[in-house]
Amino acid sequence: MKDGSRGSKRSGDPRSVVARVPHPGTGCQKPTPLAWAAFWHPSGMPAHAVAGPGVSLRFDPRLPSGNPPGCTPSAGNLIRLECGVFRHSWPHLRLRIPLADKRAFTLLEMLTVIAIIGILAAIIGPSLGNFKPNVTAAATQQLLTDIGRARQLAVSQHTTVYMVFLPPGFMQDPAYPRNAMVRGTNYWAKGLALLDKQMTGYNFVSLRNVGDQPGQRTFRYWSLWKSLPDGAFIPSQKFAAPNQTFNVYTNTSGAVGKVGLYATVSAFNTTTNLPFPTEQTPPLGAGTAQRWTTLPYVAFNYLGQLVQLVNGSESLRPFNEIIPLAKGSVLYPHDPATKTNNPALLPSAREVPSGNSTTNSFNLICIDRLTGRAYVKRQEVK
């Protein structure tokens, strides 16, 4: 306490301190208050009380009784506190200030809580694995949604829309712009930015827009380049040369490990009639011999049907499109000199578990050739 006060612990109340606070001066001083106090009779009955922050004043019964001179409760006078110091000339008052409760956890209580947390973690932990994101499901839903968008764009724009995919090694194509700058644009740099989307990236391209003159082409990319979620990709067999096929197998009843043919999948159709990687990319060659980078595609006509290019003209696709999805990772070769992906090397794809796109847990996106609607086929365990 300040001003030479003496403090002692009051018996029966370990959380409070009782201090005698004599102050000089005469009369009932009223400094600027920080808290209100209260008068008490020696018997302990309050004569006047005003709400305060846990602070009270008591007369000392062992000292002469009576009120401070000039400060009687009946007159409505109140004693004020400033900075925790009672300022008054009458010395026979005690200031009582409760202290904060300093109780803490015991060692036994703390160990008990730790043991309970450990038991709960052991019970809940194994079930948390069920909340891990399903990469295949996310990739499937994304591709279904975007195939539906490509079809809807074809119908709404009354034109053919190509959903083009980024094949491995696209910058090695002879038609890809080799010069650093072409008409003021660095297409080589644009290609480098897409190297990490090989086997996972795709976009939507149309040859014409609503209102174009007959025979006039206005190329348009309808979005930024998209990519499948990490951990999912389109297997390399789908990017093989057109008309090549590969098989997808499923388990059948009978001997353990016996498999049967589920579907035969054709590689993507490809085209060299679309500018890449932007609408302004100049073609290689001129006239009827001009061409762009070879791109795999799925195309929809204005009726929403699957079509393909045959000798420069569109025709209805003769069979449904099947796009398998693989779980795993694609590794892109890195050039230590430029600290970027190396366009001269092909990416390396690794399925985990091995062959999951075509055997033990296949996930197929199927597109009906007549309606253009996409659906999913998964392996059925028997």
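Selection of region 358-382 for residues being of a type in the set (A, V, I, L, M) and not in a loop (DSSP other than H, G, I, E, B) yields Leu364, Ile365, Ile367, Ala374, Val376.
Considering only residues in region 129-184 that are among the β-branched types (Val, Ile, Thr), part of a helix (DSSP H, G or I) and at pLDDT below 90, the one that is least open to solvent (accessible area, probe 1.4 Å) turns out to be Thr136. Taking region 254-281, which residues are open to solvent by less than 40 Å² (accessible area, probe 1.4 Å) and at pLDDT below 85? Hit for region 254-281 is Gly260, nothing else. Would you say Phe239 is within 24 Å of Gln141 (Cβ to Cβ), open to solvent by 10 Å² or more (accessible area, probe 1.4 Å) and either among the polar types (S, T, N, Q) or touching a residue at least 24 places away in the same chain (Cβ under 8 Å) (or both)? Against the criterion (within 24 Å of Gln141 (Cβ to Cβ), open to solvent by 10 Å² or more (accessible area, probe 1.4 Å) and either among the polar types (S, T, N, Q) or touching a residue at least 24 places away in the same chain (Cβ under 8 Å) (or both)), Phe239 qualifies. Remark: pairs (first residue in region 191-212, under 22 Å from Arg178 (Cα atoms); second residue among the acidic types (Asp, Glu); Cβ separation under 6 Å; 6+ apart in sequence or on different chains) are absent. State whether the residues of region 205-221 include one that is crowded, with 17+ Cβ neighbours inside 10 Å, part of a strand (DSSP E or B) and among the β-branched types (Val, Ile, Thr). So far as region 205-221 goes, yes, one or more of its residues are crowded, with 17+ Cβ neighbours inside 10 Å, part of a strand (DSSP E or B) and among the β-branched types (Val, Ile, Thr).
The values are calculated or read from the model by the stated rules, or taken from the named source; none is laboratory data. Remember, predicted model here, so these are calculated numbers, not experimental data. Note: ideal-geometry Cβ built from the backbone for every residue, glycine included; neighbour counts use all protein chains shown. These area figures cover heavy atoms from the full protein model, side chains too; ligands, DNA and RNA do not enter into them. Shrake-Rupley method; radii C 1.70, N 1.55, O 1.52, S 1.80 Å.
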